[in-house]
């Protein structure tokens, strides 16, 4: 866990009290979570100093148009993802996930919007969840209506690549893994069992693509219906999440941010706590929710 969590200061008593009061005083709380919530489960993020993907390696996540237009890019993606997925799917919820699920059960969280694609919120028991960037757990064909779950798809890839093995050089976010580029040439790209196309894609919003308008509007509706928003574990560097903080500010919704290090929306927050998410939620759970 610790190798994925950036350096951070301990939670101050004054910080804990201010955020506890914010949560307890908000009747219909909307929670927005990001990669910083899952680093404590051993899933690295992109931007954290020292431990994030961008700081550890020159590798960058695949772009949507690259995936859609370049056969070799798709083969590289699926070869890496095939090797990385077993590690990704083995991760389990941490304290923050489980406490947020308990908060939903006790009606302290009205809705949760996550930028993560790991489904750890659902594993922890949360049910009122919008996956803003989709999920790695579903694979769809971009040419026909074929849909399958990711674990079944993993077995299908294995059948086409019985001899394919690779050592992991770096674990990266989103079920990806850095492997020897020469080995990728030996990988047989999966084909759609229904139409034969090689345009099979996880149900994830890749970089450079847009979140569907209906999902964005649903999140806006949940924000408008809420009494306040709590951001947990996100630097809000991408507009897909930051837009909801702008809207909260425009509509005078109370806002709290819990994240290690600065965020793009610090100037919009009524309560700002720089600390590890798990440390706060572990203590908050002692209220006997």
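Only the coordinates and a few stated rules stand behind these numbers; no lab work does. In this text, all values refer to a predicted model and were calculated from it rather than measured experimentally. Cβ coordinates were reconstructed from backbone atoms using ideal geometry, including for glycine residues, and neighbour counts include every protein chain displayed.
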Checklist entry - Is it true that some residue in the range 157-173 is under 30 Å from residue 244 (Cβ atoms), in contact with a strand residue (DSSP E or B) (Cβ under 9 Å, 6 or more places away or on another chain) and in contact (Cβ under 8 Å) with a residue 60 or more places away in the chain? => result yes
Checklist outcome for this item: Subset of the range 115-146, residues in contact with a strand residue (DSSP E or B) (Cβ under 8 Å, 6 or more places away or on another chain), free of Cβ contacts under 8 Å to residues at least 40 places away in the same chain and not in a helix (DSSP H, G or I), comes to 119, 126, 128, 129, 131
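Let's see how each residue does on (1) over 26 Å from the mean Cα position of the chain (by Cα); (2) closer than 24 Å to residue 118 by Cβ:
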position: 145; (1), (2): no, no
position: 152; (1), (2): no, yes
position: 156; (1), (2): no, yes
position: 160; (1), (2): yes, no
position: 176; (1), (2): no, yes
position: 183; (1), (2): yes, no
position: 204; (1), (2): no, yes
position: 207; (1), (2): no, yes
position: 214; (1), (2): no, yes
Checklist outcome for this item: Considering residues that are assigned to a loop (DSSP other than H, G, I, E, B) and in contact with a strand residue (DSSP E or B) (Cβ under 7 Å, 6 or more places away or on another chain), the number found within the range 100-114 is 3
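Name the residues in the range 166-198 that are touching a helix residue (DSSP H, G or I) at 6+ places or on another chain (Cβ under 9 Å), crowded, with 17+ Cβ neighbours inside 10 Å and not in a strand (DSSP E or B), would you?
Keep residues of the range 166-198 that are touching a helix residue (DSSP H, G or I) at 6+ places or on another chain (Cβ under 9 Å), which gives 166-168, 170-179, 181, 183-191, 193, 198.
With the extra rule that they be crowded, with 17+ Cβ neighbours inside 10 Å, the set shrinks to 166, 171-179, 184, 187, 189-190.
Residues satisfying the conditions are 166, 173, 174, 175, 179, 184, 187, 189, 190.
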